[in-house]
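The values are calculated or read from the model by the stated rules, or taken from the named source; none is laboratory data. No experiment lies behind these values; they were computed from the predicted model shown. Note that each Cβ is placed from the backbone with ideal geometry, even for glycine, and that neighbours are counted across all protein chains shown.
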4 protein chains.
Amino acid sequence: MIVILRPDATEANIQHIVERTAKLGLKANISRGVERTVIGFIGPEDALRAIPLEVFPGVDQVMQVLAPYRLVSREFKKENTIIKLPYNTTVGGTKIAVMAGPCSVESYEGMLSIAKKVKALGVNILRGGAFKPRTSPYDFQGMGEEGLKILQAVGKEVGICTISEVMDTRQVELLAKYVDILQIGARNMQNFSLLKEVGIIKKPVMLKRGMSGTIKEWLMSAEYLLANGNYDVMLCERGIRTFETATRNTLDINAVPVAKRLSHLPVVVDPSHGTGSWEYVAAGARAGIAAGCDALMIEVHENPEEAFSDGAQSLMPDKFQELMVSCKRVALAVDRDL
Amino acid sequence: MIVILRPDATEANIQHIVERTAKLGLKANISRGVERTVIGFIGPEDALRAIPLEVFPGVDQVMQVLAPYRLVSREFKKENTIIKLPYNTTVGGTKIAVMAGPCSVESYEGMLSIAKKVKALGVNILRGGAFKPRTSPYDFQGMGEEGLKILQAVGKEVGICTISEVMDTRQVELLAKYVDILQIGARNMQNFSLLKEVGIIKKPVMLKRGMSGTIKEWLMSAEYLLANGNYDVMLCERGIRTFETATRNTLDINAVPVAKRLSHLPVVVDPSHGTGSWEYVAAGARAGIAAGCDALMIEVHENPEEAFSDGAQSLMPDKFQELMVSCKRVALAVDRDL
Amino acid sequence: MIVILRPDATEANIQHIVERTAKLGLKANISRGVERTVIGFIGPEDALRAIPLEVFPGVDQVMQVLAPYRLVSREFKKENTIIKLPYNTTVGGTKIAVMAGPCSVESYEGMLSIAKKVKALGVNILRGGAFKPRTSPYDFQGMGEEGLKILQAVGKEVGICTISEVMDTRQVELLAKYVDILQIGARNMQNFSLLKEVGIIKKPVMLKRGMSGTIKEWLMSAEYLLANGNYDVMLCERGIRTFETATRNTLDINAVPVAKRLSHLPVVVDPSHGTGSWEYVAAGARAGIAAGCDALMIEVHENPEEAFSDGAQSLMPDKFQELMVSCKRVALAVDRDL
Amino acid sequence: MIVILRPDATEANIQHIVERTAKLGLKANISRGVERTVIGFIGPEDALRAIPLEVFPGVDQVMQVLAPYRLVSREFKKENTIIKLPYNTTVGGTKIAVMAGPCSVESYEGMLSIAKKVKALGVNILRGGAFKPRTSPYDFQGMGEEGLKILQAVGKEVGICTISEVMDTRQVELLAKYVDILQIGARNMQNFSLLKEVGIIKKPVMLKRGMSGTIKEWLMSAEYLLANGNYDVMLCERGIRTFETATRNTLDINAVPVAKRLSHLPVVVDPSHGTGSWEYVAAGARAGIAAGCDALMIEVHENPEEAFSDGAQSLMPDKFQELMVSCKRVALAVDRDL
């Protein structure tokens, strides 16, 4: 932590800060410049975050030196985390995993049919929402537990891992019973109660970045999971909210190399939400791989016109097949496989 | 709902759309322009939202005509909603309510002392967090139920209404037992499970706008509350996230007249979070009143240097007193009182 | 300037930085923490900005201590700048100035009529665009010099100051000949050629904040004007671009107290562009005054239906009269006049 | 253009709109729904943009049906524009062009050295700024005409095309004399005077997207160039401004497929500005190619520590060589070459 004083800060101001921080076990290094005095602190920065130095008399700005996260950082763990899943599936290794399926679970037959098709195309993880976060209370809210049963049954029948979203602390156990990966959605990135609850179970989890979540906040939310004991965490970039309205979200492709540099956790790219339009999904998927992601999550539906949700960004199986072919070529070009 | 077709849309495309929407009870009005054909639909637009017209062959764009919210809209209810609270407090009438207090409940003595001071200055509602949404898992997470007991006891002793944040569906009953108003924080604006749970209880609620929530989404989240039966809802503008970093958030002052025009619900302005710095809180509070808000929410602490959270944006009682004096003058200038 | 090193930075890295900066006359203060080493520099920070310390081996982050602007800062000049204009008009003193008029100059008769009306309501400065920055090349681009002649003639006849936008380095002399204040528009906030050219003339200038200009960048653009010799500069907040689409722009009300704290220059608020809709202009104007602005700029048109540009955000004279009455009341409530 | 009326709009309101628009040659198609009446207009939408229908009594919203640009659109010209440059270089065909070089021209020797190196690695176009848009008036502003002479001389000696930025209407002829491509920078995307001036010369031009420019506005700015007669226009995505501060800008990778779909013009990606940090440039470059761009623009410097500007995002020749190798592989994977 570094504190920059106002030009008119007094010696008494400086003394007050030094004494207050000394109580926390911090040593102050005072640097008196021509225009400003700057104080750097040596010692446990976490302790310092607990006191609001900004309001101390004479203080102009406070700058953090250390990242506020620990367990998720590359400094804590140098090598990439590789998450092991059923059916010999891994996320985080050389092979790029692909999660695909409809936005919502809609029926057993539909789920089975799409699961067979996507598995045949190389997909390792079947997605399908049972609890849906919908902007409108009047829109379809998901099939609930019935949907989870369908997803589990189809996963077993086809031999493919499953992922579904958990929206509520009270659903965590239920989800953990039925699926292989719990998804925490963008709107819940800072639902700290949910993060704690998912942190204490032993199931892999995919944490989506919030619409206006900074990369630092995203990593801090992941830190909640690890700090509570769950180390099998994937980060998912799904587009952020910006001023641009030509696409539903702005896929932050920079977030891929940034997150890979700062953290050892695998990074998933979701070009379906990242673009919001089926016409741009393949470009976003290829860009994600070229930028270094470890997995893709893509919405596929056999009949988007009849989809219960997110039809506009769902790919038909034939377009999805083209995507898989071109993504595999790009993966090989960056020394990965898919 | 209006559908704009691509220049190369065929008659078959048009026919397909007309037939599919007719099944939903909608009548299509086809307008063939020189460059584009446009289809307008007459009938229940809600039905139409359920099908993703964007993916129908020949469709270029889909535009919504009606707002997706109903119960919260001015069209549904012309007159302002006035929420009645204990101790003859109201929110939404001519008199502007003021909520003030520390970010977190920290102790009985501290709470009692600040409550007496702010009440003497004209504050009607005492704030204090017991469950705190903190970016870091290592930061103070609030006193929990113990904090709620303190808040309730102080409220009764001083004779002042109370408000505190609910973060988890499992806490809703608990909060409802102890406080007069439940607060849904910015990070939970689209925590739909929580919205439903708070919607079914009979307690006034204040819904903060999410950091990247559009005004439309904010109203849709309020719609969740009303649609579940809770009509005593206040909207709280607390700053949005933008590119500007000179302030913690950007107080969206435009949101006040926009929300008042679109909805009958009272609008609260929180300049403490809206600016993030005690030096700018008074300017934001006065601007909120001048723009037409119905209440203010302000963080006040007797010793910000020792605050457990948000010290940097907390006002000391003397500065808060100045704020109340100047806000009262501005309130009178816009034919309100405070 | 403060440099934070990577955890794996070597002594050779540190030595290299110390030697390179010593050549610029800077003294390095090295603080070796448990996890990181931090170097603070004492001496002329401007010199340091010329070298990209970010790329030096071992460097993780570089943080600026001093604001990059000088002449515009409160530290350079403590008292408010008051700009003197013809007809006993000032901007920056206790009295709040009001600039009003149509978006574009459209005709002599129209200009004369509106000028008389707004002057009678207390307006001190007449606005009217002659060169218009239009998003589309097919839209009305302004009357050019003919418009300036009209503006000047009307200003003299009515006895009111005038302001108009300059878009091109080649127009600076022309504008300076006809109007009392040159306006630099939001799209040209970082047109540095234009800033230099306007900096060397002796005419008051109003610098609008760019749509995505940070407050720091806005002040740096003003610094271009002062550094070239023009000290009569007003800053104009006119709304920034955010994700919100319910309004054309987001009026950044926080920018008023922030700019007033950081700089001695007068701050103007433009609620017409800041909201983009005539229905919200009065709320924005009152909020601007309540937050501490020194002047308002408002679009007024006698017949917005026939306006050549920006009709949607123009007020009719009767609505504008109501605005002036309510703004005067708010001004008095904050110990200003209007 | 579609107009949605307020629920309380009267027949007189409707009649007034119909009559006013009929004068412009438009036919109104009135659709009376249960809750709202909607008017669609058939005829020249450009005419309609000239009148502010938003202010007409009874109007709630106005929605545009047609894109406001013509000449730049795919509807106007189906096939990709391919721009021909000296030395058999093209932009827009199967082969991906690469522009590289230092941010600023600094000396003849430095330019010659880097030009030889990048040409040997496959670069087709040499970049180097002579007029630099700098946030601070105290920073290096470029070598001016001297820099252009150096760039031209080096280009001829090495046999490589050249590109440099034009910042001022008065410099257009000068630039056109010395370089093969004129660059319009992000800060000048809506400098309409400059766009017009560059539109009337016969030189290829690269138009950078503004920091907060929507894709629609970017295309409208390109339309200024084409409407004035210059059809050799490239669009350059260089990152937009968002709330994220971990990178200097947010590279909007979605903009590549969106611009390619809406327009026939070639799209360039600049990952140097798009990320702002040399560590992320290669990931951004590969992502750009994977997403479908036609060219790359990358800052390369032999000694970033001594660069006059933008050192932090400049690559050393060895890292740039790695980038070229990996980009070529990705290009081949998407059936392009480099």
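Taking A:Ile17, is it more than 14 Å from chain B (Cβ to nearest Cβ) and among the β-branched types (Val, Ile, Thr)?
So A:Ile17 does not fit the description; no.
Consider the stretch B:114-139. How many of its residues are in contact (Cβ under 8 Å) with a residue 24 or more places away in the chain and either over 10 Å from B:Ile160 (Cβ atoms) or not in a helix (DSSP H, G or I) (or both)?
Number of matching residues: 17.
Identify all residues within the stretch B:63-74 that are assigned to a loop (DSSP other than H, G, I, E, B) and at pLDDT 90 or above; write none if there are none.
If the condition is that a residue be assigned to a loop (DSSP other than H, G, I, E, B) and at pLDDT 90 or above, then B:Tyr69, B:Arg70, B:Leu71, B:Val72, B:Arg74 are the ones that fit.
Assess whether B:Ala312 counts as being within 9 Å of another protein chain (Cβ to nearest Cβ), under 28 Å from C:Ser263 (Cβ atoms) and modelled with pLDDT under 95.
Numbers: within 9 Å of another protein chain (Cβ to nearest Cβ): yes; under 28 Å from C:Ser263 (Cβ atoms): yes; modelled with pLDDT under 95: yes.
Here the answer is yes, as B:Ala312 does meet what is asked.
When you scan the stretch C:27-40, do you find a residue that is surrounded by 18 or more Cβ atoms within 10 Å (Cβ to Cβ), charged (D, E, K, R) and facing another protein chain (nearest Cβ under 10 Å), even just one?
There is at least one residue in the stretch C:27-40 that is surrounded by 18 or more Cβ atoms within 10 Å (Cβ to Cβ), charged (D, E, K, R) and facing another protein chain (nearest Cβ under 10 Å).
How many residues, within the stretch A:152-183, are more than 29 Å from B:Gln171 (Cβ to Cβ) and in contact (Cβ under 8 Å) with a residue 12 or more places away in the chain?
11
Give the residues of the stretch C:241-259 that are within 17 Å of C:Ala283 (Cα to Cα) and at the interface with another protein chain (Cβ under 9 Å from one of its Cβ atoms), sorted by residue number.
Passing the criteria: C:Ala246, C:Thr247, C:Asn249, C:Thr250, C:Leu251, C:Asp252, C:Ile253, C:Asn254, C:Ala255, C:Val256.
For the stretch C:166-188, how many residues meet the condition of being away from chain D (no Cβ under 13 Å), part of a loop (DSSP other than H, G, I, E, B) and under 12 Å from the mean Cα position of the chain (by Cα)?
So the answer is 0.
In this structure, does D:Leu24 turn out to be touching a helix residue (DSSP H, G or I) at 6+ places or on another chain (Cβ under 9 Å) and of a type outside the set (S, T, N, Q)?
For D:Leu24, the condition - touching a helix residue (DSSP H, G or I) at 6+ places or on another chain (Cβ under 9 Å) and of a type outside the set (S, T, N, Q) - is met.
When you go through A:Met206, A:Met220 one by one, which is the residue that is crowded, with 24+ Cβ neighbours inside 10 Å and more than 10 Å from every other protein chain (Cβ to nearest Cβ)?
On the way: A:Met220 fails: more than 10 Å from every other protein chain (Cβ to nearest Cβ).
So the residue among A:Met206, A:Met220 that is crowded, with 24+ Cβ neighbours inside 10 Å and more than 10 Å from every other protein chain (Cβ to nearest Cβ) is A:Met206.
How many of the residues in the stretch D:189-233 are in contact (Cβ under 8 Å) with a residue 24 or more places away in the chain, part of a loop (DSSP other than H, G, I, E, B) and among the hydroxyl-bearing types (Ser, Thr, Tyr)?
To start, the set of residues in the stretch D:189-233 that are in contact (Cβ under 8 Å) with a residue 24 or more places away in the chain comprises D:189-190, D:192-213, D:215-233.
Those still in the list that are part of a loop (DSSP other than H, G, I, E, B) too: D:189-190, D:200-204, D:209-213, D:228-232.
Add one more test, that the residue is among the hydroxyl-bearing types (Ser, Thr, Tyr), and what stays is D:212, D:231.
Residues that pass the stated criteria total 2.
Can you tell me which of (1) in contact (Cβ under 8 Å) with a residue 24 or more places away in the chain; (2) more than 14 Å from chain A (Cβ to nearest Cβ) is the one B:Arg70 doesn't meet?
Failing condition for B:Arg70: (2).
Condition test on B:Val300, is it within 12 Å of another protein chain (Cβ to nearest Cβ), in contact with a strand residue (DSSP E or B) (Cβ under 6 Å, 6 or more places away or on another chain) and modelled with pLDDT of 95 or more?
No, not satisfied.
Select from the stretch C:275-323 the residues that are touching a Phe, Trp or Tyr at 6+ places or on another chain (Cβ under 8 Å) and acidic (Asp, Glu) and list them in ascending order.
Selection gives C:Glu305 alone.
Conditions first: (1) outside any strand (DSSP E or B); (2) crowded, with 16+ Cβ neighbours inside 10 Å; (3) more than 14 Å from chain B (Cβ to nearest Cβ); (4) not polar (S, T, N, Q). A:Glu54 passes all but one, so which condition is the exception?
Every listed condition holds for A:Glu54 apart from (3).
In the list A:Gly93, A:Gly25, which residue meets the criterion of being farther than 26 Å from B:Gly311 by Cβ and assigned to a loop (DSSP other than H, G, I, E, B)?
That would be A:Gly93, the only listed residue that is farther than 26 Å from B:Gly311 by Cβ and assigned to a loop (DSSP other than H, G, I, E, B).
State whether one or more residues within the stretch C:225-237 are touching an Asp or Glu at 6+ places or on another chain (Cβ under 9 Å) and either surrounded by fewer than 24 Cβ atoms within 10 Å (Cβ to Cβ) or modelled with pLDDT under 95 (or both).
Within the stretch C:225-237, one or more residues are touching an Asp or Glu at 6+ places or on another chain (Cβ under 9 Å) and either surrounded by fewer than 24 Cβ atoms within 10 Å (Cβ to Cβ) or modelled with pLDDT under 95 (or both).
Name the residue that is farthest from the other protein chains (Cβ to nearest Cβ), counting only residues in the stretch A:133-157 that are under 26 Å from B:Gly213 (Cα atoms) and touching a strand residue (DSSP E or B) at 6+ places or on another chain (Cβ under 8 Å).
The qualifying residue farthest from the other protein chains (Cβ to nearest Cβ) is A:Gly142.
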